[in-house]
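Below: the structure, in structure tokens.
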Amino acid sequence: MSLHSPRALVLIGPPGAGCSSVGRAIGAIEGLPVLDLGRRVADKLGTSPDLALVAVPEADYRRAEARVAGQVLDHAMVQGAVAALGSGCLSDSRLRERLEDMRLGTGQSHRVVALVCATRVLATRNGLDAPRSVGLGNVHHQFVQMLHTRQDRCRELADLVVDTTATTPEEAGEEVVRALARVSPLHS
């Protein structure tokens, strides 16, 4: 781990912003393990990450997600890791308070990074740029509303905001690492 890297680096961002893939890139650069919340929740539910939200009712998924997110944060803070949380878990007020405490805490060596992205790119990354049946209603509009809410919440909780619209995960990871190196000192 470099002198500038935080003990725990938490990535938050809406679906498609790159928390998992950018997290893996940062982990490779910094030699840190990566804790992917989506994968861990899916494992707990006994399904794959791409099916987890449809495998169980959303309320059950969100409860499991909040519990597992707390465990991921505990692990990252004690062991040192990149925690890719995404943004769904941020609906849990206790988790938001923990992130705020991490961000503002004195003497801590943890960072919260929000990954944001242009709505049109997020729609494409989430497969919402294809024609849809009118029977589904305005899925794109609902998605855009959710994105705006989540991106705003992520920005509020973050020490650093990185736009992934025009970057590869590796480029975004390098940008995060460079930006953290410029932020000095870490929470003191």
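The values are calculated or read from the model by the stated rules, or taken from the named source; none is laboratory data. Predicted model, so just to flag it, every value in this text is computed and none were measured. Methodologically, a virtual Cβ is constructed for each residue, glycine included, from the backbone with ideal geometry; neighbour enumeration extends over all protein chains shown. We work out accessible area using only protein heavy atoms, side chains counted, and drop any ligands, DNA or RNA first. Shrake-Rupley method; radii C 1.70, N 1.55, O 1.52, S 1.80 Å.
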Condition first: open to solvent by 70 Å² or more (accessible area, probe 1.4 Å) and under 27 Å from Asp163 (Cβ atoms). Can you find one or more residues in the range 57-71 that meet it? no
Could you list all residues from the range 98-127 that are of a type outside the set (Ser, Thr, Tyr), assigned to a loop (DSSP other than H, G, I, E, B) and touching a residue at least 12 places away in the same chain (Cβ under 8 Å)? Gly105, Gly107, Gln108, Cys117, Ala118, Asn126
Anything in the range 37-49 that is open to solvent by 80 Å² or more (accessible area, probe 1.4 Å) and more than 16 Å from the chain's Cα centre (by Cα)? List them, or say none. Asp43, Lys44
Is it true that Gly86 is closer than 21 Å to Ala179 by Cβ, open to solvent by less than 20 Å² (accessible area, probe 1.4 Å), small (Gly, Ala, Ser) and in contact with a Lys or Arg (Cβ under 6 Å, 6 or more places away or on another chain)? no
Quick check: is even one residue across the range 13-34 free of Cβ contacts under 8 Å to residues at least 60 places away in the same chain and open to solvent by 60 Å² or more (accessible area, probe 1.4 Å)? yes
Hey, can you tell me all the residues within the range 72-83 that are in contact (Cβ under 8 Å) with a residue 40 or more places away in the chain and open to solvent by less than 10 Å² (accessible area, probe 1.4 Å)? Leu73, Ala76, Gly80, Ala81, Val82, Ala83
Of everything in the range 143-179, what is in a helix (DSSP H, G or I), of a type in the set (S, T, N, Q) and under 13 Å from the mean Cα position of the chain (by Cα)? Give them in sequence order. Gln151
Quick one: how many residues across the range 89-110 are modelled with pLDDT of 90 or more and either farther than 17 Å from Ala64 by Cβ or open to solvent by 20 Å² or more (accessible area, probe 1.4 Å) (or both)? 8
